[in-house]
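Asks: Here it is: the structure, laid out below.
All of the numbers you see were taken from the coordinates with simple rules; none came from a lab. Predicted, not measured: the structure shown is a model, and the values here were computed from it.
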Amino acid sequence: MNQISPAEPPEPVAIATLNDYLYCPRRFALHRLDALWVDNAYTVSGTLAHEIADDPGYRQTADGARIERALPLFSDKLGLVGKADIVEFRPGPDGREVAVPVDYKLGRRHKWDNDDVQLCAQALCLEEMLDTAVTMGAVYHVKTHRRRAVPFTAELRTLTQNTILAARELIHADDIPTARLKPQCQGCSLHHVCLPELTASRLSLNAAYQTLFSVTP
Ligand code: SF4
């Protein structure tokens, strides 16, 4: 796995793609390397949720918090770029502001989504940009108006950093991983393009090849 060199800033990975990598590295590579994008209900609902919070600006709340919308984020150390739907800045006990990133989701939490890694990546960016500790974030579900608190534990930070490294390694390898049929395939918007039932098995692939290219005398 590539190590981050202080002399050479790592190539930026988009925060929004980390969830994709954890869902399926092949899906990440098809999106990132082949620019192959197909929408389904899940992707459209994700886009709509972010559009709700996508109007840049800020406002002050009655309880003294400052709310920044569509805040650009970066980390030179980790090689990350992206945007936070919402960052709440609340007065902290030592007089410094405490930053809390909040990610918007339209529906309920999907089984294979890893929203927490994406949120933690936002926190790592904020820590570097603001030179402060960011210990807690939240996922806000628009339809149910439910807010789930996400503590940035050591385990979540390690998973996030390892995902960034693995995603960058796959970009550098410039190679699309082979399809592997798994439960995630059922809700994947690339299912009918990826054809995991066919391509994941060499026997099925050979049979399909024979059917397509066999020459009859
Ligand atoms: S169909 Fe399955 S293997 Fe193919 S990209 Fe989607 S999740 Fe990955």
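Asks: List, in order, the whole-Hz ³J(HN,Hα) value for each residue of segment 17-24 obtained from phi through the Karplus relation with A = 6.51, B = -1.76, C = 1.60 and θ = phi - 60°; use x for Gly and Pro.
Replies: These are the phi-based 3J(HN,Hα) values: 8, 5, 4, 4, 4, 5, 5, 5 Hz.
Asks: For residue 105, give me every one of the lysines with a C-alpha distance below 18 angstrom, ignoring sequence neighbours fewer than eight places off in its own chain.
Replies: 83, 143
Asks: Rounded to whole Å, give me the distance from the Cα center of segment 143-164 to that of segment 174-199.
Replies: 26 Å
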